[in-house]
1. For Lys251, which aspartates and glutamates qualify as cross-link partners when the Cα separation must be under 18 Å and same-chain residues fewer than eight apart are set aside?
2. Express as a percent, rounded to the nearest 5, the fraction of DSSP beta bridges in the chain (both residues included) that run antiparallel.
3. Using DSSP to call loops (not H, G, I, E or B), can you name the GluC sites (Glu not before Pro) in the range 195-273 whose Cβ has at most 10 other Cβ atoms within 10 angstrom?
4. Quick one: net charge of Ser16's neighbours, Cβ under 10 Å, K/R +1, D/E -1?
5. Could you work out the local net charge near Arg68, counting Lys and Arg as +1, Asp and Glu as -1, over the other residues with Cβ closer than 10 Å to its Cβ?
6. So, counting K/R as plus one and D/E as minus one, what does the shell of residues with Cβ under 15 Å around Gly199 add up to?
7. Using alpha-carbon pairs under 8 Å, 6+ residues apart, how would you state the relative contact order of the chain in percent?
8. Based solely on C-alpha atoms, express the radius of gyration and the Dmax of the range 101-197 in angstrom.
Amino acid sequence: MNSFILTRNSSPLLLSQPHVGLDIPETIERRLTPEAKFRPDTDWHIDRLYADMAEKLNATVLTARYSRYVVDLNRDPTGTSLYPGQSVTELCPTSLFDDTPMYLENQTPDEAEIEERRETYWQPYHDALAVEIARLKKLHGYVLLYDCHSIRSLIPRFFEGRLPTLNLGTGNGTAADPGLANQLEEVASASPYSHALNGRFKGGYITRHYGNPGENIHAVQMELAQDDYMEETPPFAYLEDRAAKLQPTLKLILNTLLDWGHTTYGPEKGSRS
């Protein structure tokens, strides 16, 4: 079974969803703590939240099947920290976001297992992402990569206080044109929700590695505070009423991406509504 689900479409918009997966091989799951088996650090329901707008905007969507506890698709495969000096989780995480152990005693993966997971789960996702970027670049001359994330609104390990609802990251301006980032921030600022641009979340490996404005590839990460569309405690229920209030803002952000591309590069060959 593939480590991802790919829905291929023809607009310049590509949605990456690397942390929504829930599958964990039994050989790994049996070594996890009871708390970790709840998968609390998942980007819960991100695929559901974006599904309708992605379809209507004719976006290509790449969605992970496997949990970030197997391997983190948004981490540098060399182990280089994306946030030097700050607390982070690894390529193959060993702790939960609350800083408690993920594995039972003496059950953490060794270097050989980490490499095997990288080859089996991490590499296929990134191979597919690279193929889709190349396909859309050939089709349109440019690509708009939107990396979809969410996280609990309160995690003292990573940030103080409540996280803003809309956290846009462009690698401090290296992954997307500053003019595009400014337009997206204007949309977020005009919305009913709190926001930040290149705040605590500046974009992970996917945004920073693939975003290349000089090559007409513009990458943006959106990290959402989860309590604006779901319950943050088990069973992590999707809240239709909150999600329905948030979705128009997200759709406007995606439309702004597409409108900016249309204005900057000319009419795209893909269609949207």
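The numbers here are math on the coordinates, done by the rules we state, and not lab data. Just so it is clear, the model here is predicted, and its values are computed rather than measured. Cβ atoms come from the backbone with ideal geometry, glycine included; neighbour counts cover every protein chain shown.
1. Asp47, Asp52, Glu55, Asp147, Glu185, Glu186, Glu223, Asp228, Glu240, Asp241, Asp259
2. That works out to approximately 35 percent antiparallel.
3. Listed in order of number, the matching sites amount to none.
4. Result for the local shell: -2.
5. Taking every other residue near Arg68 into account, the sum is -1.
6. Residues close to Gly199 contribute a combined charge of 0.
7. 23
8. 18.5, 51
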